[in-house]
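Chemist: This is the structure, below, for whatever I ask next.
The values are calculated or read from the model by the stated rules, or taken from the named source; none is laboratory data. Just so it is clear, the model here is predicted, and its values are computed rather than measured. Neighbour counts are summed over all protein chains in view; Cβ atoms, including those assigned to glycine, are modelled from backbone coordinates with ideal geometry. For the accessible areas, the whole protein counts, side chains as well, though only heavy atoms, and no ligand, DNA or RNA atoms are used. Shrake-Rupley method; radii C 1.70, N 1.55, O 1.52, S 1.80 Å.
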Amino acid sequence: MDLHSRYPAISDLKARARWRIPHFVWEYLDSATGIEATQARNRAALDQVLLNPSILHGEFDPDLSTSLLGQTHPLPFGIAPVGMSGLIWPGAEKMLARTAAKEGLPFTLSTVSTQLPEDMSTHLGEHAWFQLYPPRDPDIRDDILKRIKEAGFSTLVLTVDVPVASRRERQTRGGLTNPPKLTPRLAMQAAMCPFWLNGIRQTGMPRMKLMDDYSENRSALPSNKHIGYLLRTSPGWDYFKSLREVWDGPLIVKGVGRADDAARLTDEGADAIWVSNHAGRQFDGGPATIETLPAVRAATNLPVIMDSGIEGGLDVLRALALGADFVMLGRAFHYGLAALGEVGAAHVVDILRQDMISNMGQLGTKTLKNLGDCLRTTQ
């Protein structure tokens, strides 16, 4: 059966994913922090971005390609980093890397992934990014940078919106620790998800392997206070400057929400600005990323990337219309993996592609460059 007949939207993959993975894993993937108001605002604010269709544009042959950091991509979106991907679906990081390589999209490996950078080398395409949670120890930082470059990661993404651990109450109630430990309650949940459990038996219980290399602490910690937090620091501007000095490739700063920060990052040598509120997982009192995007766009001449709340191709178009050069998705690809395995990740790409084509046809725009002209400026 054609996957589009059964799973025409990412929400369909999400619904299937929910019963294919244990409840404690679902709570880790799907939750935010606080009362999850920021997560809700991400969705609500995207729905407020209206685009005006235009007519009589003749035969429709859209061009979805775009350029970012001197490289051309066939689609204007990529795969965002998600910590402990291999917990959500066994082997997730390698599956996502292969999917991205086949499609010519960026794939971003998290510092707190379940795979070592070296183990990812044979699965990477030419657009391999590495997301860095900044280590406190400069020797550890420099060793990580050396390892990722040798492994084939060409672009560094510094995450700056996690200065302290967030509460993530729903995730905490789920009972997850890092490294995961199957208590009787969690083991019962796992037993109800045989495909997930069989995969875990093959790959082993996931761990933050890169962090393990730099720490002797092997005890189970709360999932919002894991080993990664013990090694990282809350970076300042001096940290960014020193990182800029030692990393000679493209450097993206992720977690930007203010125009003044974007302007200073431009002056200090960043190569791109990533507007993000961590999908509502860090702070529950902030605006949606789509709301902060226009001001950040106006404050910098650098490429601007956006994430948080994206659920379909129309949302990608909305972000591009408001000034983003590129869009990244994390949860959506993991819904696909949990629902259908590696095929599900590829299906997410196709859902987004087909949704973009359909909506661009309605808007009467054949390229991404003209999307700003489609914005409805009055309610």
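Chemist: Could you work out the relative contact order of the chain, using alpha carbon pairs under 8 angstrom and six or more residues apart, expressed as a whole percent? Numbers along the way, then the final one.
Modeler: Details: 737 pairs, mean separation 105.1, N = 379.
Reported as a whole number, the value is 28 percent.
Chemist: With every protein chain left in place, what is the accessible area per residue of the chain in square angstrom, probe 1.4 Å?
Modeler: With all protein chains present, the chain gives 42 Å² per residue.
Chemist: Defining a contact as two alpha carbons under 8 Å apart and six or more residues distant in sequence, what relative contact order in percent does the range 6-136 show? Let's see the in-between values first.
Modeler: On the way: 125 pairs, mean separation 23.2, N = 131.
Rounded, it is 18 percent for the range 6-136.
Chemist: Tally the DSSP beta bridges in the chain and give the antiparallel ones as a percent, rounded to 5.
Modeler: Restricted to the chain, the bridges split so that about 20 percent are antiparallel.
Chemist: At 0.36 nm per residue, and after removing the present C-alpha to C-alpha distance, how many nm does the segment from Asp2 to Asn370 gain when stretched out fully?
Modeler: Stretched fully, the Asp2-Asn370 segment lengthens by 129.3 nm.
Chemist: Which loop chymotrypsin sites (Phe, Trp or Tyr not before Pro) in the range 1-79, with loop taken from DSSP, have no more than 14 other Cβ atoms within 10 angstrom of their Cβ?
Modeler: Passing both the DSSP loop test and the Cβ count: Phe60.
Chemist: For the chain, give the percent of accessible area contributed by carbon and sulfur heavy atoms, probe 1.4 Å, rounded to a whole number.
Modeler: C and S atoms contribute 52 percent here.
Chemist: Can you tell me the length gained on complete extension of the stretch Ala191 to Met205, counting 0.36 nm per residue apart and subtracting the Cα distance?
Modeler: Details: separation 14, 0.36 × 14 = 5.04 nm, distance 1.44 nm.
Gain in length upon complete extension: 3.6 nm.
Chemist: How many nm separate the modelled label positions at Ala40 and Asp119, each set 7 Å beyond the Cα in the direction of the Cβ?
Modeler: Here the modelled spin labels are 3.9 nm apart.
Chemist: Given Leu109, Ser54, Trp129, which one lies farthest toward the positive end of the charge dipole of the chain, if we put +1 on the Cβ of every Lys and Arg and -1 on the Cβ of every Asp and Glu?
Modeler: Leu109
Chemist: Which lysines have a Cα less than 19 Å from the Cα of Lys102, not counting those fewer than 8 places away in the same chain?
Modeler: Within the straight-line cut-off, Lys102 pairs with Lys94.
Chemist: So between Glu245 and Ala165, what do we pick up on full extension, going 0.36 nm a residue minus the alpha carbon distance? Spell out each step's value before the answer.
Modeler: Working: separation 80, 0.36 × 80 = 28.80 nm, distance 2.74 nm.
Full extension from Glu245 to Ala165 adds 26.1 nm.
Chemist: Straight-line reach from Lys181: which aspartates and glutamates fall under 19 Å, measuring Cα to Cα and dropping same-chain residues less than 8 apart?
Modeler: Excluding near neighbours in sequence, the set is Glu27, Glu169, Asp212, Glu216.
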